[in-house]
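In what follows, a structure is listed as C-alpha coordinates, so that the remarks can point back to it.
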Amino acid sequence: MGFQLALYFILLLLFLFLLCPISQAAESREPACGKEVCGNITIPSPFGIHSSCYTHSWFRVTCKSTRNGEKPFINVYGINLEVLDSIFSDAIIISNPVTYFNCDRISEACVSVNLSGTPFFFSSDRNYFGSVGCGNLATVLSNEADSLGGCVQPRCDDGASESGCFTLITGNFTSYTVNMTAMYPDSNKCASAFFFTDYSFRSAYPLPTGINIGTKHVPAMLSWNSTYCGDGGCGRPGLGPINFNTSKVESCGNVTFHYPFSMKAQDDSNNWFQVICSKTANGKEVPSLNINGTNLQILDFSFLRGTVEVNHPVTYFNCQKNHHNGMSLNLTGTRFYYSDLDNLFWSSGCGNLVTIFGNEIDNLIGGCLQPSCRINKKTSSIVGCPLTIPKGLSSFFANMSDMVDSSDYRRKRSCGFASLISYNSYFTDDFDLSNRTYVPMQLQWGTLISGECYLNDSLDTSCTFDGEYCWSRLSSNYLCSCKRDN
(Lines give C-alpha, C1' and ligand atoms only; values in the text may rest on other atoms or scores of the structure.)
Protein backbone atom coordinates (compact mmCIF):
# COMPACT_ATOMS: atom_id res chain seq x y z
CA MET A 1 0.00 0.00 0.00
CA GLY A 2 2.88 2.37 0.91
CA PHE A 3 4.61 1.60 -2.42
CA GLN A 4 1.44 2.36 -4.35
CA LEU A 5 0.97 5.67 -2.45
CA ALA A 6 4.56 6.69 -3.14
CA LEU A 7 4.14 5.82 -6.83
CA TYR A 8 0.98 7.95 -6.92
CA PHE A 9 2.80 11.04 -5.57
CA ILE A 10 5.71 10.49 -8.00
CA LEU A 11 3.28 10.40 -10.92
CA LEU A 12 1.48 13.47 -9.57
CA LEU A 13 4.73 15.44 -9.28
CA LEU A 14 5.74 14.32 -12.77
CA PHE A 15 2.39 15.50 -14.13
CA LEU A 16 2.73 18.91 -12.43
CA PHE A 17 6.31 19.21 -13.68
CA LEU A 18 5.20 18.57 -17.24
CA LEU A 19 2.24 20.91 -16.86
CA CYS A 20 4.30 23.82 -15.53
CA PRO A 21 6.08 24.75 -18.80
CA ILE A 22 2.76 24.55 -20.63
CA SER A 23 1.13 26.92 -18.11
CA GLN A 24 4.11 29.26 -18.21
CA ALA A 25 4.03 29.27 -22.01
CA ALA A 26 0.33 30.08 -21.96
CA GLU A 27 0.93 32.92 -19.51
CA SER A 28 3.84 34.33 -21.50
CA ARG A 29 1.97 34.25 -24.79
CA GLU A 30 1.72 37.78 -26.14
CA PRO A 31 -1.81 39.14 -26.65
CA ALA A 32 -2.93 40.14 -30.15
CA CYS A 33 -2.57 43.91 -29.66
CA GLY A 34 -5.04 45.93 -31.67
CA LYS A 35 -7.31 42.88 -31.85
CA GLU A 36 -8.19 42.32 -28.18
CA VAL A 37 -11.91 41.86 -27.63
CA CYS A 38 -14.16 42.89 -24.75
CA GLY A 39 -17.78 41.91 -25.23
CA ASN A 40 -18.45 42.58 -28.91
CA ILE A 41 -15.96 45.47 -29.17
CA THR A 42 -12.52 45.04 -30.72
CA ILE A 43 -9.97 47.20 -28.91
CA PRO A 44 -7.87 49.13 -31.48
CA SER A 45 -4.28 50.35 -31.10
CA PRO A 46 -3.03 52.41 -29.29
CA PHE A 47 -5.59 51.21 -26.73
CA GLY A 48 -5.18 47.89 -25.01
CA ILE A 49 -6.35 45.70 -22.16
CA HIS A 50 -3.02 43.97 -21.56
CA SER A 51 -0.21 46.17 -20.24
CA SER A 52 1.95 45.37 -23.27
CA CYS A 53 -0.70 46.70 -25.69
CA TYR A 54 -1.51 50.24 -24.57
CA THR A 55 1.23 52.76 -25.32
CA HIS A 56 0.34 55.12 -22.44
CA SER A 57 -1.71 54.78 -19.27
CA TRP A 58 -4.37 57.06 -20.79
CA PHE A 59 -5.07 54.34 -23.39
CA ARG A 60 -5.60 51.56 -20.85
CA VAL A 61 -8.91 49.73 -21.33
CA THR A 62 -10.63 47.90 -18.48
CA CYS A 63 -13.02 45.10 -19.43
CA LYS A 64 -15.82 45.10 -16.85
CA SER A 65 -18.71 42.71 -16.29
CA THR A 66 -22.09 44.44 -16.36
CA ARG A 67 -25.69 43.27 -16.37
CA ASN A 68 -25.53 43.45 -20.17
CA GLY A 69 -22.33 41.46 -20.48
CA GLU A 70 -18.68 42.54 -20.65
CA LYS A 71 -18.03 46.14 -21.71
CA PRO A 72 -14.77 48.10 -22.27
CA PHE A 73 -14.05 51.36 -20.39
CA ILE A 74 -11.35 54.02 -20.30
CA ASN A 75 -10.91 56.19 -17.22
CA VAL A 76 -10.52 59.97 -17.48
CA TYR A 77 -10.00 61.70 -14.11
CA GLY A 78 -12.14 59.17 -12.30
CA ILE A 79 -14.95 59.07 -14.87
CA ASN A 80 -15.42 55.72 -16.60
CA LEU A 81 -16.25 56.22 -20.28
CA GLU A 82 -17.61 53.20 -22.10
CA VAL A 83 -16.03 52.50 -25.50
CA LEU A 84 -18.84 51.88 -28.00
CA ASP A 85 -17.05 51.47 -31.33
CA SER A 86 -13.95 52.22 -33.38
CA ILE A 87 -14.48 53.24 -37.02
CA PHE A 88 -11.43 55.47 -37.52
CA SER A 89 -7.73 54.95 -36.95
CA ASP A 90 -7.54 58.18 -34.93
CA ALA A 91 -10.86 58.27 -33.03
CA ILE A 92 -13.21 56.10 -31.00
CA ILE A 93 -16.88 56.45 -30.06
CA ILE A 94 -17.52 56.73 -26.32
CA SER A 95 -20.63 57.00 -24.15
CA ASN A 96 -20.48 60.69 -23.19
CA PRO A 97 -22.28 61.97 -20.05
CA VAL A 98 -25.10 64.49 -20.46
CA THR A 99 -25.15 67.75 -18.48
CA TYR A 100 -28.46 68.73 -16.82
CA PHE A 101 -29.93 72.11 -15.83
CA ASN A 102 -32.79 72.77 -13.36
CA CYS A 103 -33.57 69.08 -13.10
CA ASP A 104 -33.06 68.40 -9.35
CA ARG A 105 -31.14 65.25 -10.11
CA ILE A 106 -27.68 64.23 -8.96
CA SER A 107 -26.00 61.49 -10.92
CA GLU A 108 -22.93 60.70 -12.95
CA ALA A 109 -24.72 62.21 -15.94
CA CYS A 110 -24.53 65.66 -14.32
CA VAL A 111 -20.75 65.71 -14.70
CA SER A 112 -19.23 67.01 -17.94
CA VAL A 113 -15.98 65.39 -19.02
CA ASN A 114 -12.85 67.54 -18.74
CA LEU A 115 -10.13 66.32 -21.12
CA SER A 116 -7.55 69.00 -20.24
CA GLY A 117 -4.13 67.48 -19.59
CA THR A 118 -5.00 64.27 -21.45
CA PRO A 119 -4.20 63.25 -25.02
CA PHE A 120 -7.92 63.34 -25.85
CA PHE A 121 -10.10 66.06 -27.36
CA PHE A 122 -13.52 66.47 -28.96
CA SER A 123 -13.26 67.12 -32.68
CA SER A 124 -15.61 69.67 -34.25
CA ASP A 125 -15.44 67.72 -37.52
CA ARG A 126 -17.04 64.65 -35.96
CA ASN A 127 -19.31 65.98 -33.20
CA TYR A 128 -22.37 68.17 -32.83
CA PHE A 129 -23.66 70.18 -29.89
CA GLY A 130 -27.21 69.27 -28.89
CA SER A 131 -29.75 70.24 -26.25
CA VAL A 132 -33.14 69.06 -24.96
CA GLY A 133 -35.67 71.36 -23.32
CA CYS A 134 -38.33 73.95 -24.16
CA GLY A 135 -37.63 77.43 -25.50
CA ASN A 136 -34.04 77.83 -24.26
CA LEU A 137 -30.95 79.18 -25.97
CA ALA A 138 -28.21 76.63 -25.28
CA THR A 139 -24.73 78.08 -25.78
CA VAL A 140 -21.43 76.22 -25.44
CA LEU A 141 -18.29 78.19 -24.51
CA SER A 142 -14.60 77.34 -24.61
CA ASN A 143 -12.20 77.81 -21.69
CA GLU A 144 -11.52 81.33 -22.95
CA ALA A 145 -15.28 82.06 -22.86
CA ASP A 146 -15.40 82.13 -26.66
CA SER A 147 -18.62 80.85 -28.16
CA LEU A 148 -18.22 77.51 -29.93
CA GLY A 149 -21.83 77.55 -31.08
CA GLY A 150 -25.39 77.28 -29.84
CA CYS A 151 -28.95 76.41 -30.78
CA VAL A 152 -32.49 77.40 -29.79
CA GLN A 153 -34.95 74.78 -28.57
CA PRO A 154 -38.43 75.25 -30.07
CA ARG A 155 -41.08 76.34 -27.59
CA CYS A 156 -43.32 73.50 -26.40
CA ASP A 157 -46.66 75.13 -27.24
CA ASP A 158 -48.30 71.95 -28.44
CA GLY A 159 -48.40 70.33 -25.01
CA ALA A 160 -45.15 68.48 -25.50
CA SER A 161 -42.96 68.20 -22.42
CA GLU A 162 -39.71 68.71 -24.31
CA SER A 163 -38.17 69.63 -27.64
CA GLY A 164 -34.62 69.70 -28.95
CA CYS A 165 -32.07 71.30 -31.22
CA PHE A 166 -28.51 70.79 -32.43
CA THR A 167 -25.86 72.74 -34.29
CA LEU A 168 -22.38 72.57 -35.74
CA ILE A 169 -19.46 73.67 -33.57
CA THR A 170 -16.12 75.26 -34.39
CA GLY A 171 -12.65 74.21 -33.29
CA ASN A 172 -11.33 71.25 -31.30
CA PHE A 173 -11.56 71.52 -27.52
CA THR A 174 -10.83 69.65 -24.30
CA SER A 175 -13.26 71.33 -21.88
CA TYR A 176 -16.28 73.58 -22.11
CA THR A 177 -19.09 75.28 -20.21
CA VAL A 178 -22.73 75.53 -21.22
CA ASN A 179 -25.12 78.43 -20.68
CA MET A 180 -28.87 77.81 -20.76
CA THR A 181 -30.87 81.03 -21.31
CA ALA A 182 -34.66 81.01 -21.16
CA MET A 183 -36.20 82.64 -24.23
CA TYR A 184 -39.71 82.71 -22.66
CA PRO A 185 -40.96 83.09 -19.06
CA ASP A 186 -42.07 79.45 -18.95
CA SER A 187 -38.80 78.09 -20.36
CA ASN A 188 -37.07 77.65 -16.99
CA LYS A 189 -37.67 73.90 -16.91
CA CYS A 190 -35.47 70.83 -16.88
CA ALA A 191 -33.02 70.94 -19.80
CA SER A 192 -29.91 69.09 -20.90
CA ALA A 193 -26.88 69.69 -23.14
CA PHE A 194 -24.33 67.34 -24.67
CA PHE A 195 -21.92 66.62 -27.51
CA PHE A 196 -22.79 63.74 -29.81
CA THR A 197 -21.67 62.17 -33.06
CA ASP A 198 -24.04 61.42 -35.91
CA TYR A 199 -22.18 58.21 -36.85
CA SER A 200 -24.37 56.28 -34.43
CA PHE A 201 -27.63 57.67 -35.81
CA ARG A 202 -29.48 57.63 -39.10
CA SER A 203 -32.05 60.25 -38.07
CA ALA A 204 -30.95 63.65 -36.78
CA TYR A 205 -33.77 66.20 -36.91
CA PRO A 206 -34.53 67.93 -34.63
CA LEU A 207 -32.46 65.40 -32.64
CA PRO A 208 -31.51 61.77 -33.28
CA THR A 209 -34.20 59.27 -32.33
CA GLY A 210 -33.70 58.00 -28.79
CA ILE A 211 -32.34 61.22 -27.26
CA ASN A 212 -34.71 62.86 -24.75
CA ILE A 213 -34.64 64.59 -21.37
CA GLY A 214 -34.10 61.23 -19.64
CA THR A 215 -31.02 60.35 -21.70
CA LYS A 216 -27.95 60.16 -19.43
CA HIS A 217 -25.30 59.30 -22.03
CA VAL A 218 -24.94 59.89 -25.78
CA PRO A 219 -22.37 58.55 -28.27
CA ALA A 220 -19.57 61.06 -28.94
CA MET A 221 -16.39 60.88 -31.01
CA LEU A 222 -13.16 61.07 -29.01
CA SER A 223 -9.92 61.92 -30.85
CA TRP A 224 -6.39 61.99 -29.48
CA ASN A 225 -2.96 63.56 -29.95
CA SER A 226 -0.58 61.11 -31.60
CA THR A 227 2.45 62.43 -29.68
CA TYR A 228 1.30 60.39 -26.67
CA CYS A 229 1.87 57.19 -28.63
CA GLY A 230 5.65 57.40 -28.75
CA ASP A 231 7.96 57.20 -31.75
CA GLY A 232 5.94 54.42 -33.33
CA GLY A 233 2.84 56.61 -33.64
CA CYS A 234 -0.78 55.61 -33.09
CA GLY A 235 -1.50 54.04 -36.45
CA ARG A 236 -2.01 50.36 -37.10
CA PRO A 237 1.04 48.39 -38.21
CA GLY A 238 1.83 48.83 -41.89
CA LEU A 239 1.54 46.10 -44.45
CA GLY A 240 4.37 43.64 -44.48
CA PRO A 241 6.18 42.67 -47.68
CA ILE A 242 3.72 40.80 -49.89
CA ASN A 243 3.61 39.83 -53.52
CA PHE A 244 0.89 41.67 -55.35
CA ASN A 245 -0.35 42.74 -58.73
CA THR A 246 0.18 46.40 -59.53
CA SER A 247 -2.46 48.77 -60.84
CA LYS A 248 -1.23 51.79 -62.74
CA VAL A 249 -1.93 55.24 -61.33
CA GLU A 250 -3.31 57.53 -64.05
CA SER A 251 -3.88 61.26 -64.17
CA CYS A 252 -5.73 63.78 -66.27
CA GLY A 253 -5.26 67.44 -65.56
CA ASN A 254 -4.75 67.83 -61.80
CA VAL A 255 -6.76 64.71 -60.85
CA THR A 256 -4.99 61.43 -60.05
CA PHE A 257 -6.95 58.19 -59.96
CA HIS A 258 -6.54 54.44 -60.25
CA TYR A 259 -8.59 51.25 -59.94
CA PRO A 260 -11.46 50.92 -60.64
CA PHE A 261 -11.25 54.07 -62.78
CA SER A 262 -9.18 54.04 -65.95
CA MET A 263 -8.82 55.93 -69.22
CA LYS A 264 -8.41 52.67 -71.11
CA ALA A 265 -11.34 51.01 -72.83
CA GLN A 266 -12.99 48.62 -70.37
CA ASP A 267 -15.38 45.73 -70.68
CA ASP A 268 -19.12 46.31 -70.49
CA SER A 269 -19.39 45.43 -66.80
CA ASN A 270 -16.98 48.23 -65.79
CA ASN A 271 -17.63 50.93 -68.39
CA TRP A 272 -19.12 53.13 -65.67
CA PHE A 273 -15.55 53.77 -64.48
CA GLN A 274 -14.07 54.80 -67.83
CA VAL A 275 -12.55 58.27 -67.57
CA ILE A 276 -12.77 60.59 -70.58
CA CYS A 277 -9.77 62.94 -70.72
CA SER A 278 -10.61 65.94 -72.92
CA LYS A 279 -8.71 69.09 -73.78
CA THR A 280 -10.19 72.56 -73.55
CA ALA A 281 -9.59 75.37 -76.06
CA ASN A 282 -6.57 76.55 -74.08
CA GLY A 283 -5.08 73.04 -74.01
CA LYS A 284 -6.01 72.20 -70.42
CA GLU A 285 -6.86 68.54 -69.70
CA VAL A 286 -10.21 67.88 -68.02
CA PRO A 287 -11.32 64.39 -66.79
CA SER A 288 -14.98 63.44 -66.87
CA LEU A 289 -17.42 60.54 -66.52
CA ASN A 290 -20.35 59.92 -68.81
CA ILE A 291 -23.34 58.89 -66.71
CA ASN A 292 -26.58 58.26 -68.56
CA GLY A 293 -25.53 60.60 -71.38
CA THR A 294 -24.33 63.45 -69.14
CA ASN A 295 -20.63 64.32 -68.94
CA LEU A 296 -19.64 65.12 -65.35
CA GLN A 297 -16.26 66.74 -64.78
CA ILE A 298 -14.18 64.88 -62.16
CA LEU A 299 -12.82 67.19 -59.45
CA ASP A 300 -11.32 64.68 -57.01
CA PHE A 301 -11.04 60.97 -56.28
CA SER A 302 -10.89 59.14 -52.92
CA PHE A 303 -10.16 55.43 -53.01
CA LEU A 304 -10.49 54.68 -49.29
CA ARG A 305 -13.83 56.52 -49.00
CA GLY A 306 -15.11 55.03 -52.25
CA THR A 307 -16.13 58.42 -53.64
CA VAL A 308 -15.54 60.58 -56.70
CA GLU A 309 -16.24 64.33 -56.60
CA VAL A 310 -17.87 65.66 -59.75
CA ASN A 311 -19.33 68.91 -61.06
CA HIS A 312 -23.06 68.18 -60.89
CA PRO A 313 -25.76 70.42 -62.41
CA VAL A 314 -27.48 72.62 -59.84
CA THR A 315 -30.85 70.99 -59.16
CA TYR A 316 -33.01 74.06 -58.43
CA PHE A 317 -32.14 77.45 -59.89
CA ASN A 318 -34.65 80.31 -60.30
CA CYS A 319 -32.33 82.93 -61.80
CA GLN A 320 -33.43 84.78 -64.90
CA LYS A 321 -30.59 83.60 -67.13
CA ASN A 322 -30.68 79.97 -66.11
CA HIS A 323 -33.46 77.87 -64.66
CA HIS A 324 -33.44 74.30 -63.40
CA ASN A 325 -36.58 72.41 -62.49
CA GLY A 326 -35.17 70.84 -59.32
CA MET A 327 -34.56 67.31 -60.61
CA SER A 328 -31.18 65.69 -60.14
CA LEU A 329 -29.51 63.16 -62.40
CA ASN A 330 -31.04 59.72 -62.16
CA LEU A 331 -28.33 57.28 -61.05
CA THR A 332 -30.67 54.28 -60.93
CA GLY A 333 -29.11 51.33 -62.74
CA THR A 334 -25.58 52.75 -62.52
CA ARG A 335 -22.71 51.87 -60.16
CA PHE A 336 -23.09 55.23 -58.37
CA TYR A 337 -25.33 56.85 -55.77
CA TYR A 338 -25.28 60.18 -53.92
CA SER A 339 -23.02 59.90 -50.87
CA ASP A 340 -24.92 60.31 -47.61
CA LEU A 341 -21.72 60.95 -45.62
CA ASP A 342 -19.95 63.47 -47.87
CA ASN A 343 -22.80 65.70 -49.09
CA LEU A 344 -25.28 68.12 -47.55
CA PHE A 345 -28.14 70.27 -48.84
CA TRP A 346 -27.57 74.01 -49.25
CA SER A 347 -29.77 76.80 -50.51
CA SER A 348 -29.64 80.49 -51.36
CA GLY A 349 -32.46 83.00 -51.19
CA CYS A 350 -34.64 85.02 -48.84
CA GLY A 351 -37.43 83.66 -46.64
CA ASN A 352 -38.19 80.66 -48.85
CA LEU A 353 -39.15 77.17 -47.74
CA VAL A 354 -36.82 74.60 -49.29
CA THR A 355 -38.13 71.03 -49.51
CA ILE A 356 -36.20 67.97 -50.66
CA PHE A 357 -37.85 64.82 -51.94
CA GLY A 358 -36.39 61.39 -52.64
CA ASN A 359 -36.77 59.24 -55.72
CA GLU A 360 -40.51 59.88 -55.65
CA ILE A 361 -42.24 63.24 -55.19
CA ASP A 362 -44.26 61.99 -52.21
CA ASN A 363 -41.10 60.78 -50.43
CA LEU A 364 -40.20 63.87 -48.36
CA ILE A 365 -36.61 63.79 -47.06
CA GLY A 366 -36.74 67.14 -45.25
CA GLY A 367 -36.09 70.83 -45.75
CA CYS A 368 -35.32 74.19 -44.16
CA LEU A 369 -36.59 77.76 -44.02
CA GLN A 370 -34.28 80.52 -45.22
CA PRO A 371 -33.97 83.61 -42.98
CA SER A 372 -35.54 86.89 -44.08
CA CYS A 373 -33.11 89.15 -45.92
CA ARG A 374 -35.10 92.21 -44.81
CA ILE A 375 -34.14 91.61 -41.18
CA ASN A 376 -30.46 91.02 -41.91
CA LYS A 377 -30.33 93.68 -44.66
CA LYS A 378 -28.70 91.24 -47.05
CA THR A 379 -29.32 90.64 -50.71
CA SER A 380 -29.34 86.89 -50.17
CA SER A 381 -28.76 84.26 -47.51
CA ILE A 382 -26.92 80.98 -47.91
CA VAL A 383 -27.96 78.30 -45.40
CA GLY A 384 -27.53 74.58 -44.93
CA CYS A 385 -30.36 72.16 -44.27
CA PRO A 386 -29.44 69.81 -41.37
CA LEU A 387 -31.20 66.70 -42.57
CA THR A 388 -30.22 63.09 -42.92
CA ILE A 389 -29.58 61.96 -46.49
CA PRO A 390 -30.92 58.43 -47.08
CA LYS A 391 -28.26 55.85 -47.83
CA GLY A 392 -28.25 54.71 -51.44
CA LEU A 393 -30.05 57.81 -52.76
CA SER A 394 -30.07 57.55 -56.57
CA SER A 395 -32.08 60.69 -57.38
CA PHE A 396 -33.78 63.60 -55.59
CA PHE A 397 -35.99 66.59 -56.25
CA ALA A 398 -35.50 70.07 -54.72
CA ASN A 399 -38.24 72.70 -54.53
CA MET A 400 -38.40 76.29 -53.27
CA SER A 401 -41.62 78.12 -52.37
CA ASP A 402 -42.43 81.54 -50.91
CA MET A 403 -43.44 81.56 -47.23
CA VAL A 404 -43.84 85.33 -46.78
CA ASP A 405 -44.98 88.31 -48.83
CA SER A 406 -41.97 89.22 -50.92
CA SER A 407 -43.26 92.69 -51.94
CA ASP A 408 -41.45 94.42 -49.05
CA TYR A 409 -38.01 93.43 -50.19
CA ARG A 410 -38.38 92.34 -53.78
CA ARG A 411 -35.53 94.60 -54.82
CA LYS A 412 -33.23 92.93 -52.30
CA ARG A 413 -34.06 89.44 -53.42
CA SER A 414 -31.38 87.72 -55.51
CA CYS A 415 -31.65 84.61 -57.57
CA GLY A 416 -31.59 81.48 -55.45
CA PHE A 417 -30.66 77.86 -55.65
CA ALA A 418 -31.20 74.63 -53.73
CA SER A 419 -28.96 71.63 -54.25
CA LEU A 420 -26.96 68.83 -52.74
CA ILE A 421 -23.28 69.82 -52.54
CA SER A 422 -20.04 68.32 -51.28
CA TYR A 423 -19.00 68.93 -47.68
CA ASN A 424 -15.71 70.27 -49.06
CA SER A 425 -17.47 73.27 -50.64
CA TYR A 426 -18.05 76.49 -48.77
CA PHE A 427 -20.34 79.25 -50.02
CA THR A 428 -20.61 82.67 -48.39
CA ASP A 429 -23.50 85.13 -48.44
CA ASP A 430 -21.76 87.32 -51.00
CA PHE A 431 -21.05 84.44 -53.35
CA ASP A 432 -22.25 85.20 -56.89
CA LEU A 433 -24.55 82.42 -58.06
CA SER A 434 -25.99 84.23 -61.05
CA ASN A 435 -23.80 82.40 -63.56
CA ARG A 436 -23.25 79.15 -61.63
CA THR A 437 -24.87 76.10 -63.17
CA TYR A 438 -22.75 73.36 -61.53
CA VAL A 439 -21.78 72.56 -57.93
CA PRO A 440 -19.30 70.00 -56.52
CA MET A 441 -21.01 66.81 -55.42
CA GLN A 442 -19.77 63.45 -54.08
CA LEU A 443 -20.85 60.25 -55.81
CA GLN A 444 -20.35 56.98 -53.96
CA TRP A 445 -19.00 54.14 -56.10
CA GLY A 446 -17.77 51.78 -53.34
CA THR A 447 -19.59 50.51 -50.26
CA LEU A 448 -17.70 51.29 -47.06
CA ILE A 449 -17.13 48.47 -44.56
CA SER A 450 -15.45 49.49 -41.31
CA GLY A 451 -12.87 47.23 -39.70
CA GLU A 452 -9.35 45.94 -40.07
CA CYS A 453 -8.23 44.74 -43.46
CA TYR A 454 -6.28 41.51 -43.86
CA LEU A 455 -4.60 41.29 -47.25
CA ASN A 456 -3.55 37.82 -48.29
CA ASP A 457 -0.62 37.06 -50.54
CA SER A 458 -2.79 35.84 -53.39
CA LEU A 459 -3.86 36.68 -56.92
CA ASP A 460 -6.86 38.55 -55.48
CA THR A 461 -4.62 41.18 -53.86
CA SER A 462 -3.65 44.24 -55.89
CA CYS A 463 -1.87 47.50 -55.12
CA THR A 464 -1.16 50.75 -56.87
CA PHE A 465 2.18 50.91 -58.61
CA ASP A 466 3.71 52.94 -55.76
CA GLY A 467 2.24 50.55 -53.16
CA GLU A 468 0.34 53.32 -51.34
CA TYR A 469 -3.08 51.61 -51.63
CA CYS A 470 -3.82 47.89 -51.65
CA TRP A 471 -7.04 45.91 -51.87
CA SER A 472 -8.44 42.39 -51.94
CA ARG A 473 -11.62 41.60 -53.82
CA LEU A 474 -14.38 40.24 -51.59
CA SER A 475 -17.08 40.18 -54.26
CA SER A 476 -18.04 42.04 -57.41
CA ASN A 477 -19.19 45.03 -55.32
CA TYR A 478 -17.01 44.90 -52.22
CA LEU A 479 -13.32 45.49 -51.68
CA CYS A 480 -11.18 45.21 -48.57
CA SER A 481 -8.92 48.24 -48.97
CA CYS A 482 -6.18 49.82 -46.89
CA LYS A 483 -3.48 52.42 -47.00
CA ARG A 484 0.03 51.15 -46.53
CA ASP A 485 0.78 53.29 -43.45
CA ASN A 486 -2.52 52.52 -41.69
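Observations on the model:
- Calculated over region 37-228, the projected area of the Cα convex hull averaged across directions stands at 11.5 nm².
- Rolling a 1.4 Å probe across all protein chains gives LEU393 an accessible area of roughly 10 Å².
- When the surface is traced with a 1.4 Å probe over the full set of protein chains, GLU468 keeps roughly 70 Å² accessible.
- Solvent-accessible ranking of ARG436, ARG60, largest area first, probe 1.4 Å: ARG60, ARG436
- Relative contact order of region 37-228, defined on C-alpha pairs under 8 angstrom at six or more residues apart (%): 23
- Solvent exposure of THR280, expressed as accessible area, is near 60 Å², computed with a probe of 1.4 Å over the protein chains only.
- Using a cut-off of 32 Å between Cα atoms, the listed pairs LYS284/LYS391; LYS279/LYS391; LYS248/LYS284; LYS216/LYS391; LYS71/LYS189; LYS35/LYS391 include LYS284/LYS391; LYS279/LYS391; LYS71/LYS189 as exceeding that distance.
The values are calculated or read from the model by the stated rules, or taken from the named source; none is laboratory data. Values in this document were obtained by computation on a predicted structure and should not be read as measured data. Remember, those area values only see protein heavy atoms, side chains included, never the ligands or the DNA or RNA. Shrake-Rupley method; radii C 1.70, N 1.55, O 1.52, S 1.80 Å.
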